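Chemist: One structure is given below, represented as structure tokens, and several questions about it will come after.
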Amino acid sequence: MLVGLQGCGKTTIAAKLARQFRGQNRPALLVAADLQRPAAVDQLKALGAAIQVPVFSRPPGADPVDVCREGVEEARRTNRSVVILDTAGRLSIDEEMMDELVRIQQATQPHEVLFVADAMLGQDAVETARRFHERLEFTGVILSKMDSDARGGPPCRSAEVTGKPIKFVGTGEKVEDLEPFHPDRMASRILGMATSCRSSRRPSRPWSATRPRRWRSACGARRSPSTTSWSSSKPCARWVPWTSSCR
Ligand SMILES: Nc1nc2c(ncn2[C@@H]2O[C@H](COP(=O)(O)OP(=O)(O)O)[C@@H](O)[C@H]2O)c(=O)[nH]1
Ligand SMILES: [Mg+2]
């Protein structure tokens with residue numbers, strides 16, 4: 001069960017997770033439980049079609065709790081090993097949304113309730129996570145939009161204040177942009193340790209017969225014809241996006 005504010009990335013994450021499960025031979029069923037926005041169901045259906053994962057939905061006006069309950073039954077009937085409930089969010093926390101989520105949780109008893117923390121939300125992410133956790137006791141956090149310029153400190157704090165682990169990181173809008181959480185990479189990002197990237201991306205020797213082209217294209221660096229030293233057309237040390245090759 002995925003929970004979080006509107007626009008934090010739940011629907012996108014639902015498809016990303018379903019795709020990962022499919023790759024592990026664990027067929028998933030996506031359940032479109034966001035009946036707040038008419039386009040939300042269509043969005044999930046489009047993503048489901050792109051990754052060839054079925055989507056369970058009901059017409060507008062249905063009760064999201066019933067949709068989720070029926071979705072789980074449908075998954076049992078059709079031998080799906082994983083059910084992913086894509087729930088509705090709101091622009092800010094409200095009691096009606098929380099009540100709906102609590103009722104879905106009680107009706108379906110999900111193994112995981114994952115809070116999606118939007119990296120771009122800044123400090124608000126911490127308070128939002130705390131309020132969700134008070135009502136729902138989620139089991140883990142997924143950080144979304146980590147490809148943005150945000151460093152990611154506040155969303156990490158949202159895991160810390162709730163004592164729950166960060167399980168995945170969303171690194172882009174595409175369905176393949178999902179990675180397991182790496183604490184060391186996150187720590188470097190929060191601390192702005194771009195210089196460690198600089199040294200790791202430079203060749204260990206000034207010139208090598210086998211590696212220069214690779215280094216040149218990785219760093220935008222070129223070798224001066226008259227010397228054996230390297231110069232760089234682009235600065236190599238920069239803000240390290242999550243998906244950069246500095247690993
Ligand atoms: N750049 C970026 N955009 C994302 C990411 N995850 C979701 N989005 C975008 O954020 C917007 C809201 O996502 P959506 O999944 O609809 O959020 P929901 O309302 O919580 O279901 C969409 O335009 C997504 O394409 C991400 O990891 N990186
Ligand atoms: Mg959605």
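Chemist: Give the number of residues within the stretch 118-152 that are touching a Gly at 6+ places or on another chain (Cβ under 9 Å), part of a helix (DSSP H, G or I), surrounded by fewer than 24 Cβ atoms within 10 Å (Cβ to Cβ) and not hydroxyl-bearing (Ser, Thr, Tyr).
Modeler: Total satisfying the criteria: 1.
Chemist: Taking the stretch 20-32, which residues are buried (at least 20 other Cβ atoms within 10 Å of the Cβ) and under 19 Å from Asp177 (Cα atoms)?
Modeler: Ala28, Leu30
Chemist: Another question, if that's okay. Of all residues in the stretch 75-98 being in a helix (DSSP H, G or I) and surrounded by 12 or more Cβ atoms within 10 Å (Cβ to Cβ), which is farthest from ligand 2 (Cβ to nearest atom)? Please lay out each step first, then the result.
Modeler: Residues of the stretch 75-98 that are in a helix (DSSP H, G or I), as a first pass: 75-77, 95-98.
Okay, now just the ones that are also surrounded by 12 or more Cβ atoms within 10 Å (Cβ to Cβ), so 75, 97-98.
Working: Ala75: 19, Met97: 13, Met98: 17 Å.
If we take residues in the stretch 75-98 being in a helix (DSSP H, G or I) and surrounded by 12 or more Cβ atoms within 10 Å (Cβ to Cβ), then Ala75 is farthest from ligand 2 (Cβ to nearest atom).
Chemist: Do you know which of the residues in the stretch 153-168 that are in contact with a Gly (Cβ under 6 Å, 6 or more places away or on another chain) and modelled with pLDDT of 90 or more is nearest to Ile93 (Cα to Cα)?
Modeler: Lys164
Chemist: Does the stretch 58-74 contain at least one residue that is at positive phi, surrounded by 18 or more Cβ atoms within 10 Å (Cβ to Cβ) and not in a helix (DSSP H, G or I)?
Modeler: Quick first cut of the stretch 58-74, residues at positive phi only: 61.
Of the ones still in play, those that are also surrounded by 18 or more Cβ atoms within 10 Å (Cβ to Cβ) are none.
Scanning the stretch 58-74 turns up no residue that is at positive phi, surrounded by 18 or more Cβ atoms within 10 Å (Cβ to Cβ) and not in a helix (DSSP H, G or I).
Chemist: Take Arg135 and decide whether it is in the same structural domain as Ala14 (by TED's automatic domain parsing) and within 16 Å of ligand 2 (Cβ to nearest atom).
Modeler: On the way: in the same structural domain as Ala14 (by TED's automatic domain parsing): yes; within 16 Å of ligand 2 (Cβ to nearest atom): no.
Judged against the criteria, Arg135 is not a match.
Chemist: Look through the stretch 33-53, keep the residues that are modelled with pLDDT of 95 or more and among the polar types (S, T, N, Q), and return whichever of them is farthest from ligand 1 (Cβ to nearest atom).
Modeler: Step by step, filter the stretch 33-53, then rank; the result is Gln52.
Chemist: When you go through (1) surrounded by fewer than 16 Cβ atoms within 10 Å (Cβ to Cβ); (2) over 17 Å from Arg22 (Cα atoms); (3) under 23 Å from the mean Cα position of the chain (by Cα); (4) within 16 Å of ligand 1 (Cβ to nearest atom) one by one for Gln109, which number turns out not to apply?
Modeler: Failing condition for Gln109: (4).
Chemist: Name every residue in the stretch 1-32 that is away from ligand 1 (no atom under 11 Å from the Cβ) and in contact (Cβ under 8 Å) with a residue 60 or more places away in the chain, in order of residue number. Write out each step before concluding.
Modeler: Step one: list which residues in the stretch 1-32 are away from ligand 1 (no atom under 11 Å from the Cβ), which gives 1, 17-31.
Passing the criteria: Met1, Leu17, Ala18, Arg19, Gln20, Phe21.
The values are calculated or read from the model by the stated rules, or taken from the named source; none is laboratory data. None of these values were measured; they are calculated from a predicted model. All Cβ positions, even for glycine, are placed from backbone atoms using ideal geometry, and neighbour counts span all protein chains on display.
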